[in-house]
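Heads up, the thing below is written out as structure tokens.
The values are calculated or read from the model by the stated rules, or taken from the named source; none is laboratory data. Quantities reported herein were computed from a predicted structural model and do not represent experimental measurements. Every residue, glycine among them, receives a Cβ derived from its backbone with ideal geometry; neighbour counts consider all protein chains shown.
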Ligand code: NAP
């Protein structure tokens, strides 16, 4: 009976995990998706507690208390710290997989019940688990800037890294053939831990969100291997979902940045950019607030393109007020969402949702682009790379081929940023020098606030 309860809860949890991922696809259903994921995890844990193989609940209780004590503060971090918090979760997942594999290997070694299949599954679990552990810790450290965010590179780095992984795999293969050769086991562990560190060291801090999605996939695969070790079907299905969704997310992010996996992992591209781009002295045209307000008031379709600077300035609530002011005047206002605007997937969606901007006014890049030629005003707020036309036209540009939001095709463009500094890719943006572009220099929150004040002032004078 207990066994049936466990299996039934696993089936239900798997279904909920699938629906959770499905619902997370859209902002409208995302909360339901999170709820379903939480419920699935709860079912998985409670269902496991019915497992007749459990000999004592004492350590499980200790684990629950420790996990809760760590989890509660981790759930309270600021939105901007979510990428590093996620990296820490992956680190814990990887460590758990590695430790479970280690415990099982030595237990079964003692009992003399190690089969080649079991050792094979343990080796995969332990390599992926431990490299995810140290790799994710490094990623979290880079994002938190505890360790240098710039890529640390040296000659033949990729060769050294690859050799470590191959060596660990060779030790694993020998161990599968001769499971009793236990001294190989710590060698595999140390090589995997080292590989995790060296894999992340050459990658720049700004590429970490993509790397974290990839580490998520590794953690999922480690869980799948753990499922085979423990003969636990929920770990296999949930791990496979986790692994594949992490991988798909990494692919989407790479595509949206027009980067290949190898470029992210071995390219040392995402170094902290210094403002070196403005070599040519082109003239910006600045607008006054009054100019901007006048043009905005006469528009019928306005598209706001938010980017990293909007997030830095925390301008989302001012944007909501601007949206209110404009829609009050019968102006159609949309928000154009680029898949890699900001520094993490969904960065803009989350911030705009926080300010209660209606979801149906958030339009994905592919849907808004065909509309751009009939847009009266494109208001670019702290976005740079994601609206840079060089991505379409300049073959020599590092962002060539990256899909962008075609703000340059709008009838008029206002761009809010603080200075002439470039964005993440460290390059000039032709958009700012175009005839139909006017700059509103200043902090995104302050300038948007001024626009709102100006608009509401005019409204009260009517
Ligand atoms: P971006 O290219 O980094 O440009 C952001 C702009 O915001 C800068 O030019 C900066 O100019 C301005 N800014 C900064 N603080 C500001 C403030 N307080 N007020 C007003 N403006 C401010 O950002 P993006 O257009 O969003 O593009 C994202 C980039 O990050 C892409 O290259 C993407 O590939 C990369 N990336 C994204 C992800 C992801 O998951 N979303 C992950 C990794 C990398 P000033 O300094 O002059 O103000």
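Out of all the residues in region 424-452, which are part of a loop (DSSP other than H, G, I, E, B) and at pLDDT below 95? 424, 425, 426, 427, 428, 429, 434, 435, 436 - these are the residues of region 424-452 that are part of a loop (DSSP other than H, G, I, E, B) and at pLDDT below 95. Of all the numbered requirements in (1) surrounded by 23 or more Cβ atoms within 10 Å (Cβ to Cβ); (2) at pLDDT below 95, residue 306 misses one, and that requirement is (2). If only residues of region 342-364 that are away from the ligand (no atom under 16 Å from the Cβ) and free of Cβ contacts under 8 Å to residues at least 12 places away in the same chain are counted, the one that is surrounded by the fewest Cβ atoms within 10 Å (Cβ to Cβ) is 360. If you go through region 42-60 one residue at a time, do you hit one that is within 30 Å of residue 337 (Cβ to Cβ), modelled with pLDDT of 90 or more and surrounded by 13 or more Cβ atoms within 10 Å (Cβ to Cβ)? No.
Considering only residues of region 326-341 that are surrounded by 22 or more Cβ atoms within 10 Å (Cβ to Cβ) and more than 16 Å from the ligand (Cβ to nearest atom), which is nearest to the chain's Cα centre (by Cα)? Among those residues, the one meeting the criterion is 333. Taking region 8-41 as the range and being loosely packed, with under 14 Cβ neighbours inside 10 Å and more than 28 Å from the chain's Cα centre (by Cα) as the test, only 8 passes. Against the list (1) more than 8 Å from the ligand (Cβ to nearest atom); (2) at positive phi, the condition residue 442 fails is (1).
Scan region 224-245 and tell me whether some residue there is within 16 Å of the ligand (Cβ to nearest atom), surrounded by fewer than 18 Cβ atoms within 10 Å (Cβ to Cβ) and either closer than 29 Å to residue 147 by Cα or without any contact (Cβ under 8 Å) to a residue 24 or more places away in the chain (or both). Among the residues of region 224-245, at least one is within 16 Å of the ligand (Cβ to nearest atom), surrounded by fewer than 18 Cβ atoms within 10 Å (Cβ to Cβ) and either closer than 29 Å to residue 147 by Cα or without any contact (Cβ under 8 Å) to a residue 24 or more places away in the chain (or both), which makes the answer yes.
On inspection, residue 380 does not qualify as closer than 21 Å to residue 324 by Cα, more than 10 Å from the ligand (Cβ to nearest atom) and crowded, with 21+ Cβ neighbours inside 10 Å. Filtering 173, 126 for residues that are in a helix (DSSP H, G or I) and touching a residue at least 60 places away in the same chain (Cβ under 8 Å) leaves a single hit, 126.
The criterion of being touching a residue at least 12 places away in the same chain (Cβ under 8 Å) and either surrounded by 22 or more Cβ atoms within 10 Å (Cβ to Cβ) or within 16 Å of the ligand (Cβ to nearest atom) (or both) holds for residue 215.
Residue 51 satisfies every condition listed in (1) in contact with a helix residue (DSSP H, G or I) (Cβ under 6 Å, 6 or more places away or on another chain); (2) in a helix (DSSP H, G or I) except (2). Residue check: residue 421 meets all listed conditions (1) near the ligand (Cβ under 10 Å from one of its atoms); (2) in a loop (DSSP other than H, G, I, E, B); (3) within 23 Å of the chain's Cα centre (by Cα) but one, namely (3). Cβ-Cβ contacts under 6 Å between residues 6 or more apart (or on different chains), taken from a first residue in region 411-426 that is farther than 15 Å from residue 380 by Cβ to a second residue that is more than 6 Å from the ligand (Cβ to nearest atom) and part of a loop (DSSP other than H, G, I, E, B), are listed as 425/398; 425/399; 426/273; 426/277. For residue 133, the requirement of being at pLDDT 95 or above and surrounded by fewer than 18 Cβ atoms within 10 Å (Cβ to Cβ) is not met.
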